[in-house]
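Take a look at the structure set out below.
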Amino acid sequence: MANPWANELEKNGIVILHDLLAAEQLQGMQVAFNGRLRRMRWNNFDGYEKTERFRHMVEDVLTLDQGFVDAAVDPCIVRALRGYLGDSFALVEAKGWKSLPTRRDFHGWHGDAWYDQKQVGDRIPREVKLGIYLTDVKSGGFVYVKGTHGRQHPKPLSRDEVSAIPRERLVDVTGPAGMAFLFDTSGFHRQSTPILEPRQAVFFAYHDPALPLQQEDVEYNRYHPLQLNAAFLGNLTEEDQRILGFGNKANYQPGYQRPPRHAYYQAFLGGCYDAKLFLGEYQKRVAAKFKRLARLGG
């Protein structure tokens, strides 16, 4: 393995990348990402999704700005991934979060579960994520336990296992906006606490899309084909197109419908919005009637 970043992944499971993004690239990504964080996604305007108390999730960041696409297929990143994952990897997920300030420990130590462990047997498939900070991170940063990758199927750690982790093996990733890092997701990691200021970060996941997914992710359609913006795809090489999944239907589910998690609450909000539209329409009719009466009276 001649690539130094791939070598570092092989040895420690994580590598910190300085100066991956140009200043103009980072600025465009920040502006576009912040635009999605202004409000929750709903009806005819886009925004963030909220699936837990302390994080706002922004899906499909490749649709937001050219900088996200360029980072995902950056030649240096691609060379490192090819050296570590082989030639069949692809980008399978691209999303980010705004983590809210809290002292609560809501995101414990874990390895990322994504493949069907029964089907792969004792083999531990490799997955790498590229993380990029969009804000300065002084607290609540990403933390990784060096050397824990590729040793076990992904799982959450118990308190006893956490207490046994040697401090010298922890890599605490803090730094300015634009800091990036690659890590093997089978290694134990977490977002640290406390989070003293809001943290914005995006994560790109790469693995072989032919590998069998765990049933939970199949049902959620988590690794669906990427959402892309045609305006950002003008200068892609054939290899870039392959990495982004052009023509790959391995995880495409025709006519997929995600089961609603809060059906009654969503129906209630939809009814309230219908009532608001009806009331607005009624007010316009009443106002128009009064105008006609005023003209007749005059």
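The values are calculated or read from the model by the stated rules, or taken from the named source; none is laboratory data. No experiment lies behind these values; they were computed from the predicted model shown. A quick note on method: Cβ atoms are made from the backbone with ideal geometry, for glycine too, and the neighbour counts reach across all protein chains shown.
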* Test: Asp172 is more than 14 Å from His110 (Cα to Cα), of a type in the set (Asp, Glu) and surrounded by 14 or more Cβ atoms within 10 Å (Cβ to Cβ) -> no
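Can we say Gly131 is touching a helix residue (DSSP H, G or I) at 6+ places or on another chain (Cβ under 9 Å) and not hydroxyl-bearing (Ser, Thr, Tyr)? Let's see the steps before the verdict.
On the way: touching a helix residue (DSSP H, G or I) at 6+ places or on another chain (Cβ under 9 Å): no; not hydroxyl-bearing (Ser, Thr, Tyr): yes.
No; evaluated as a whole, the condition is false for this residue.
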* Asked: Does Gly270 satisfy the criteria of being exposed (fewer than 13 other Cβ atoms within 10 Å of the Cβ), farther than 27 Å from Asp87 by Cα and either touching a Phe, Trp or Tyr at 6+ places or on another chain (Cβ under 8 Å) or without any contact (Cβ under 8 Å) to a residue 24 or more places away in the chain (or both)?
  -> yes
* In this structure, does Thr135 turn out to be polar (S, T, N, Q), modelled with pLDDT of 95 or more and in contact with a Phe, Trp or Tyr (Cβ under 6 Å, 6 or more places away or on another chain)? -> no
* Could you list, in sequence order, the residues of the stretch 87-107 that are touching a helix residue (DSSP H, G or I) at 6+ places or on another chain (Cβ under 8 Å) and either free of Cβ contacts under 8 Å to residues at least 40 places away in the same chain or farther than 13 Å from Asp208 by Cβ (or both)? -> Ala94, Lys95, Gly96
* **Candidates Pro101, Pro125, filtered to the one that is farther than 20 Å from Lys11 by Cβ and assigned by TED's automatic domain parsing to the domain that holds Arg55** => Pro101
* Asked: Scanning for something closer than 30 Å to Leu277 by Cα, at pLDDT 95 or above, among the hydrophobic types (A, V, I, L, M, F, W, C) and surrounded by 18 or more Cβ atoms within 10 Å (Cβ to Cβ), does the stretch 3-20 turn up at least one residue?
  -> no
* Asked: In the stretch 85-118, which residue that is assigned to a helix (DSSP H, G or I) and farther than 12 Å from Lys129 by Cα is farthest from the chain's Cα centre (by Cα)?
  -> Lys118
* Structure fact -> Of the candidates Leu20, Leu9, the one satisfying the condition of being in a helix (DSSP H, G or I), more than 18 Å from the chain's Cα centre (by Cα) and not basic (Lys, Arg) is Leu9
* Asked: Given Pro125, Pro209, Pro154, which one is touching a helix residue (DSSP H, G or I) at 6+ places or on another chain (Cβ under 9 Å) and assigned to a loop (DSSP other than H, G, I, E, B)?
  -> Pro154
* Taking the stretch 43-66 as the search range and keeping residues that are part of a strand (DSSP E or B) and not β-branched (Val, Ile, Thr), which one is nearest to Glu197 (Cα to Cα)? -> Arg55
* To do: Please verify whether the stretch 242-262 includes one or more residues that are under 19 Å from the mean Cα position of the chain (by Cα), under 20 Å from Lys50 (Cα atoms) and not in a helix (DSSP H, G or I).
  => yes
